[in-house]
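Trainee: Before I ask anything, here is the structure I am working with.
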Amino acid sequence: MVVQKQEAIMQIKTVSTKKILGIPVAGVPGMDIEEGAPLTSVAALPDKIPLIKPRLLVKKGDHVKIGSPLFEDKGNPKLRFLSPGGGTIADIGYGQRRVITRIVVETDKAEEYESFDPIDEKKLREQDPGSLMEAMMERGLWPLIRSLPYRAIAAPDEKPASLWVCLDPADPFQVPSGVYLKGNEARFAFGIRILEKMGAPVFVCESEQAPVEDDRIASLITHRVSGAYPAEDPGVVLYHTKKTAEENRAWFVKGQDVLLIAEGMATGRYPTSRIVAVSASANGDASGNRCVKTRLGAPLAALVKNPQTAAGRRWIMGGLFQGHTTVPEDYMGFYETSLTLIEEATDPELFGFLRPGLYKPTASRAFLYALHKKHFTAKADLRGEERACINCGKCEQVCPVDIMVQFTYKCIYAGEIEEALLHGLLDCVECGLCSYVCPAKIELAETLKTTRHDYYQDRI
Ligand code: SF4
Ligand code: SF4
């Protein structure tokens, strides 16, 4: 991976690492946008927003507008999450320990909007960081700004050392920048000007594989990143550019979310439009690989062309490597812009260990697949169960932020969290590569993520 700071800011910096694993997976979405199906219900999913404690502000049967508050964070009641639909609260779902899992809104034929004061270029110039943050909270836009290293919603009283915007998503199954920026260049530039008012330097990263052509955005680019997944994760870029420990306190915003911030401020309406990458990495799947224009909180079944055919697949929301398993009856969460359908696990292969494995994707040279390196169709097959670590060191070889993954995992297992922190636990960017390559099938990435979240919760 190479991170290069452009001459525009009079300084060129190059950082390279060979610890990047190119995974040739089939099913990356195309560059065209399709209009999604009309929706009759949408939902907010409080439990999919990490590291908050939701408190309900509505009850079943209430009438809400687009932009009405549905729930707030108990730790910071100013942090409100707004309704993606106008209509009636049809259902409120609870999980274990009464965790609120979903708030479903049955939409009216003519939905109404809450309206806020629009903030244009002139008004923006008059804003100070404090009033701007208040305005973003009121409009439900603040949760789009998150902080490193925990990836929690940014704390408004925090002073970040920098604010990062990576145009292209780290996960190959997300919406490419060329898709969401097309026709929205001026709005994106306005979004960056809003972020610049926060007081921290804003760094905008483009991918070397997808350089920006439009001048309005090209003039904003400060870094160029090359390399395979997850080179463009803001945590990876920060890790390879920071010089001091203070720089660890950084914020980041996804490229598509910059547009939402700009739209919400400029129009005074809660922005609900989303472009979602739908990838069916399964042979012959009727859903195809495409970008769908839909809205926040859409039912997942409405995103695929043929939900019946797709029902036998494993549904993954949020990216193949970083997402979570879900079901067709679920809805799209606040940060989620990727739905991937893969073939479910099949029964164990008889004498599979004797076969040469020409079509068994592998990060090692254990199968003949390593010779041809074709793009493979992802499947849910684990090919074996979790077993003891064999100290092969593969997890460390692929980690993009140089964590001693094996030792970190063992420290966590032994309850030695301070020791795990010394091995780099907080630098983890949740890319999942360590779990992907581990021949012992250990859920390394999930273990590190849960431990980081527990550590964060203990500190606040
Ligand atoms: S520890 Fe694993 S999940 Fe975390 S950054 Fe390293 S490879 Fe990725
Ligand atoms: S990849 Fe798995 S088996 Fe190998 S050292 Fe890491 S944890 Fe152990």
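The values are calculated or read from the model by the stated rules, or taken from the named source; none is laboratory data. Quick caveat, the model's predicted, so the values are computed rather than measured. Backbone-built Cβ (ideal geometry, glycine too); neighbour counts: all protein chains shown.
Trainee: Across the stretch 377-399, which residue is farthest from ligand 2 (Cβ to nearest atom) among those that are modelled with pLDDT under 80 and charged (D, E, K, R)?
Mentor: Restricting attention to the stretch 377-399, the residues satisfying the condition of being modelled with pLDDT under 80 are 377-386.
Cutting the leftovers down to charged (D, E, K, R) gives us 379, 381, 383, 385-386.
Working: Lys379: 20, Asp381: 18, Arg383: 14, Glu385: 13, Glu386: 10 Å.
Across the stretch 377-399, the extreme among qualifying residues is Lys379.
Trainee: Going through the stretch 247-274 one residue at a time, which ones are modelled with pLDDT under 95 and over 20 Å from the mean Cα position of the chain (by Cα)?
Mentor: Scanning the stretch 247-274 gives a single hit, Glu247.
Trainee: Just to be sure I understand the filter: pairs with C-beta atoms under 7 Å, separated by 6 or more residues or on different chains, first member in the stretch 414-425 and over 16 Å from Cys399 (Cα atoms), second member more than 16 Å from ligand 2 (Cβ to nearest atom). Which pairs pass?
Mentor: Ile417/Tyr455
Trainee: Separate question: Gly130 versus (1) in the same structural domain as Phe190 (by TED's automatic domain parsing); (2) touching a Leu at 6+ places or on another chain (Cβ under 7 Å): which is the lone unmet condition?
Mentor: Against the list (1) in the same structural domain as Phe190 (by TED's automatic domain parsing); (2) touching a Leu at 6+ places or on another chain (Cβ under 7 Å), Gly130 comes up short only on (2).
Trainee: Residues in the stretch 102-118: is at least one buried (at least 17 other Cβ atoms within 10 Å of the Cβ), within 22 Å of the chain's Cα centre (by Cα) and not aromatic (Phe, Trp, Tyr)?
Mentor: Yes, the stretch 102-118 contains a residue that is buried (at least 17 other Cβ atoms within 10 Å of the Cβ), within 22 Å of the chain's Cα centre (by Cα) and not aromatic (Phe, Trp, Tyr).
Trainee: Right, next: Residue check: is Lys441 of a type outside the set (Asp, Glu) and part of a helix (DSSP H, G or I)?
Mentor: Values: of a type outside the set (Asp, Glu): yes; part of a helix (DSSP H, G or I): no.
So Lys441 fails the test.
Trainee: Name the residue that is nearest to Glu418 (Cα to Cα), counting only residues in the stretch 440-450 that are touching a Phe, Trp or Tyr at 6+ places or on another chain (Cβ under 9 Å) and free of Cβ contacts under 8 Å to residues at least 40 places away in the same chain.
Mentor: Taking the stretch 440-450 and keeping what is touching a Phe, Trp or Tyr at 6+ places or on another chain (Cβ under 9 Å), we get 442, 444-445, 447-448.
Now narrow it down to the ones that are free of Cβ contacts under 8 Å to residues at least 40 places away in the same chain: 445, 447.
Numbers: Ala445: 18, Thr447: 15 Å.
Looking at residues that are touching a Phe, Trp or Tyr at 6+ places or on another chain (Cβ under 9 Å) and free of Cβ contacts under 8 Å to residues at least 40 places away in the same chain, I get Thr447.
So that you can scan it fast, the table gives a plain yes or no per residue for (1) modelled with pLDDT under 95; (2) outside the structural domain of Asp257 (by TED's automatic domain parsing); (3) in contact with a strand residue (DSSP E or B) (Cβ under 9 Å, 6 or more places away or on another chain):
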{"site": "Glu158", "(1), (2), (3)": "yes, no, yes"}
{"site": "Ala161", "(1), (2), (3)": "no, no, yes"}
{"site": "Pro172", "(1), (2), (3)": "yes, no, yes"}
{"site": "Ser177", "(1), (2), (3)": "yes, no, yes"}
{"site": "Ala186", "(1), (2), (3)": "no, no, no"}
{"site": "Ile194", "(1), (2), (3)": "no, no, no"}
{"site": "Pro201", "(1), (2), (3)": "no, no, yes"}
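Trainee: To continue, here is another question. Checking Gly255 against (1) buried (at least 23 other Cβ atoms within 10 Å of the Cβ); (2) closer than 25 Å to Pro307 by Cβ, only one condition comes out false. Which one?
Mentor: Unmet for Gly255, out of (1) buried (at least 23 other Cβ atoms within 10 Å of the Cβ); (2) closer than 25 Å to Pro307 by Cβ: (2).
Trainee: Answer with yes or no whether Val225 is buried (at least 21 other Cβ atoms within 10 Å of the Cβ), among the hydrophobic types (A, V, I, L, M, F, W, C) and either under 19 Å from the mean Cα position of the chain (by Cα) or modelled with pLDDT under 95 (or both). Even if it seems obvious, please write down each step before you answer.
Mentor: Details: buried (at least 21 other Cβ atoms within 10 Å of the Cβ): yes; among the hydrophobic types (A, V, I, L, M, F, W, C): yes; either under 19 Å from the mean Cα position of the chain (by Cα) or modelled with pLDDT under 95 (or both): yes.
It is true that Val225 is buried (at least 21 other Cβ atoms within 10 Å of the Cβ), among the hydrophobic types (A, V, I, L, M, F, W, C) and either under 19 Å from the mean Cα position of the chain (by Cα) or modelled with pLDDT under 95 (or both).
Trainee: Moving on. Of all residues in the stretch 419-437, how many are within 21 Å of Ala152 (Cα to Cα), near ligand 1 (Cβ under 8 Å from one of its atoms) and assigned to a helix (DSSP H, G or I)?
Mentor: Residues flagged as within 21 Å of Ala152 (Cα to Cα), near ligand 1 (Cβ under 8 Å from one of its atoms) and assigned to a helix (DSSP H, G or I) within the stretch 419-437 amount to 1.
Trainee: Can you name the helices (runs of 4 or more DSSP H) wholly within the stretch 172-242 that have at least 1 residues being farther than 26 Å from Gly264 by Cβ? Walk me through it before giving the result.
Mentor: Numbers: elements: 177-181, 185-196, 215-218, 234-241.
In the stretch 172-242, 234-241 are the helices (runs of 4 or more DSSP H) which contain 1 or more residues that are farther than 26 Å from Gly264 by Cβ.
Trainee: I would also like to ask the following. Those residues that are under 25 Å from Gly227 (Cβ atoms), among the aromatic types (Phe, Trp, Tyr) and either more than 10 Å from ligand 2 (Cβ to nearest atom) or crowded, with 22+ Cβ neighbours inside 10 Å (or both), I need them from the stretch 401-454; list them, please.
Mentor: Within the stretch 401-454, just Tyr409 meets the criteria.
Trainee: Report yes if some residue within the stretch 137-152 is out of contact with any Leu (no Cβ under 9 Å at 6 or more places or on another chain) and farther than 29 Å from Gly424 by Cα; otherwise report no.
Mentor: Pass one, the stretch 137-152, residues out of contact with any Leu (no Cβ under 9 Å at 6 or more places or on another chain): 138, 146-147.
This time we only want the ones that are farther than 29 Å from Gly424 by Cα, so: 138.
Yes: one or more hits.
Trainee: Also, quick follow-up: Please state which one of Ala298, Ala286, Ala302, Ala277 is in contact with a Cys (Cβ under 9 Å, 6 or more places away or on another chain) and either over 30 Å from Gly67 (Cβ atoms) or at pLDDT 75 or above (or both). Reasoning before the result, please.
Mentor: On the way: Ala298 fails: in contact with a Cys (Cβ under 9 Å, 6 or more places away or on another chain); Ala286 fails: in contact with a Cys (Cβ under 9 Å, 6 or more places away or on another chain); Ala302 fails: in contact with a Cys (Cβ under 9 Å, 6 or more places away or on another chain).
None of the others qualify; the one that does is Ala277.
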